[in-house]
Structure formats: structure tokens, C-alpha cells
Amino acid sequence: MAAVTMRLPQVRGPLGASAPRGAEKHLVAPGDTITTDTGYMRGHGTYVEDDKLIASVAGVVERVNKLVCVRALKARYNGEVGDIVVGRITEVQQKRWKVETNSRLDSVLLLSSINLPGGELRRRSAEDELAMRDYLQEGDLISAEVQSIFSDGAVSLHTRSLKYGKLAQGVLVQVSPSLVKRQKTHFHDLPCGASVILGNNGFIWIYPTPEQKEEEAGGFTTNLEPVPLSDREVISRLRNCIVALVTHKMMLFDTSILYCYEASLPHQIKDILKPEVMEEIILEARQRLLDLEG
């Protein structure tokens, strides 16, 4: 006879305000008037009609001095120079790789924009071009930095630092780019024994924290040793915590993920995705974040 899981309702305590006073976001829908002041400049996601600045997309109004733009709540990734991205190689072409980065167009990784194995500094030769598939081939996951934006909006990447390169064993989670908080660093070694790369493009890579950093590999050697069960459980729990945060539209950064992970420890990994357990974990993590902000 099959087991039946029964879940009983629980009384929840009151939750404090979700944002500090004065920090509420100005949300608009398409067609909403943002301002009638003619002194503002029109930015992305807006248009001018009858001397009124009107939103063309649904999202959050952002002001930088006199420039007003609307950041869409759900949109494809728009690259900015310096962004950290996680992407998947889709095609090997002449002197370049095409990379899927959740943007409107495939990104480009030039052969001249990667570290050669061993960290050699020299011009790329015909032999390097013939060996491109030895470095990266279709289906490989990489971490990279946005080097420049082409005129058509396509993104040019580079992996010229030892912290970038080919990704080995781990779990990829895809979320909306608007939920990834911009920070100084997007590579985080969490105290729970796993590391995350929070790509600005909404691709999040969770992997076991390496015991020693690969210094001379140039970012192309991948460790294919079996991952211990304890590490796999930590990665699975982190993955479910990130899914829970995304479901409740909470911003993703190292502190929010860690608080959610700690709140989930009393529960089994598979139970984190149950609606009432997920809500309980998120409420606790959100309250701790509010207490941290003061």
C-alpha cells in the first residue's frame, strides 16, 4: 500500500516590513506615466509622448541624475562590460566560439581572448586554431567576463584570468537575470563546503569547493574525479534553496543563499520544494536579512 504524505497548516508569526521605509521600488506597467517633468532624459524602456515620459515595459524605474530608465522585471540578459557570465559553447567557428549566455544573440569568445594552456603569452598560430576543440567544444560550460559589446548588441567575452575558464563538475541553475544582485565579486566560496558562481546573465553554477586552486592549467583542465556524497547533498540543498528564493522573487547574493541554506537544514533536501516548507524557509531567511539591514 502506497504511503500518503499529510501536511497540516501552521500558524505563522507576523513578518516585519519587506523593505526599509523610503526604499520602496517604483514599479510601472507599459503605458504608465513616469513623470511630466521635461527636465529628465529618456533612457531604456521609456518613450516621450505629449511632454510626458511613459514606460514601454513593465519593471522598476531607475534614476541616475537626470536619466530615467525602466529595468524590465523579466527580460533577456543585456550585457554590460565587466559582467561575470556563465555560458555554454554552442558552436566552434573560425578563430572564435559561439556561447549561449541567455541574451538575444549568441555571445562570442575569440581565440585571442583566452589564456593558452600553461599561461603562454604569444600570438595565436594556425596550430592553435586547429586545436580549438581541444580547448573548448560544443556543450562545454565556461565562466567568463564581458569584454565589450558589439554594435548589434552581441557580447564579446574573455577568459584571460585564472579564475575564469572551463567548468567541471557541478549543477547549473537558470534564473531571471533581474534576480541576480550586482556585487564586487560573483565567485563565492560558501562555508557549507560548496562554491557558487552567480552569473549576471542568470546562469548560476554550483560546484564543490576545490581543495587547491589550479594555477598553471590556464582554465582548461577539468577534474572528473567522483564527487563525494556529502558534497552532492550540499550542492542539491543549495540548488533547491536557490529555486525557493527565485520562486519567492528574492534577490540572489551570497548572504541570501547562505541564510536560506541554514534555514533549510532542519528539513530534508527533497522537502525544501514543498510549498509550505519553502515559505517557512523563505520567511526565516527574509527576516534575518531584514535584521541584518537594521
Surface share of carbon and sulfur [accessible, 1.4 angstrom probe, percent] for the chain: 50 percent
Kirkwood hydrodynamic radius (C-alpha pairs) into Stokes-Einstein, the chain, 4 °C and 1.567 mPa s, D in µm²/s: 60 µm²/s
With a point put 7 Å past each Cα toward its Cβ, work out how far V4 is from S148 in nm, to one decimal. 6.7 nm
Using unit Cβ charges (K, R positive; D, E negative) and no other charged atoms, how large, in debye to the nearest 20, is the dipole of the chain about its Cα centre? 480 debye
Could you give the radius of gyration (one decimal) and Dmax (whole number) of the Cα atoms in the range 28-72, in Å? 9.0, 23
Could you tell me the center-to-center distance, by alpha carbons, between the range 161-212 and the range 56-97 in angstrom? 18 Å
Estimated 222 nm signal from helices in the chain, with DSSP H stretches of n ≥ 4 weighted -39500 (n - 2.57), rounded to 500: -6000 deg cm²/dmol
To the nearest 10 square angstrom, what accessible area does L172 show with a 1.4 Å probe? 50 Å²
Checking every Cys Cβ in the chain against the others at 4.7 Å leaves as unpaired C69, C192
Only helices at least 24 Å long along their axis, Cα-based, and averaging -0.5 or more on Kyte-Doolittle count here, so list those DSSP H runs from the chain. 229-247, 275-293
Other residues with Cβ under 12 Å from the Cβ of D83 give, with Lys and Arg +1 and Asp and Glu -1, a net charge of -1
Calculate the spin-label point distance for E211 paired with L265, positioning each point 7 Å from the Cα along the beta-carbon direction, and give it in nanometres. 2.5 nm
Taking Cα pairs closer than 8 Å and at least 6 residues apart, the relative contact order of the chain in percent is 14 percent
When ligands, DNA and RNA are left out and all protein chains stay put, how many square angstrom of accessible area per residue does the range 28-72 have with a 1.4 Å probe? 60 Å²
Given springs between every Cα pair under 10 Å in a Gaussian network model of the chain, which of V28, V171, V146 has the largest fluctuation? V28
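The values are calculated or read from the model by the stated rules, or taken from the named source; none is laboratory data. What you see is a predicted model, and the numbers here were worked out from it, not measured in a lab. Using ideal geometry, Cβ is built from the backbone for each residue, glycine included, and neighbour counts are taken over all protein chains shown. Only protein heavy atoms, including side chains, enter the accessible area calculation; ligands, DNA and RNA are left aside. Shrake-Rupley method; radii C 1.70, N 1.55, O 1.52, S 1.80 Å.
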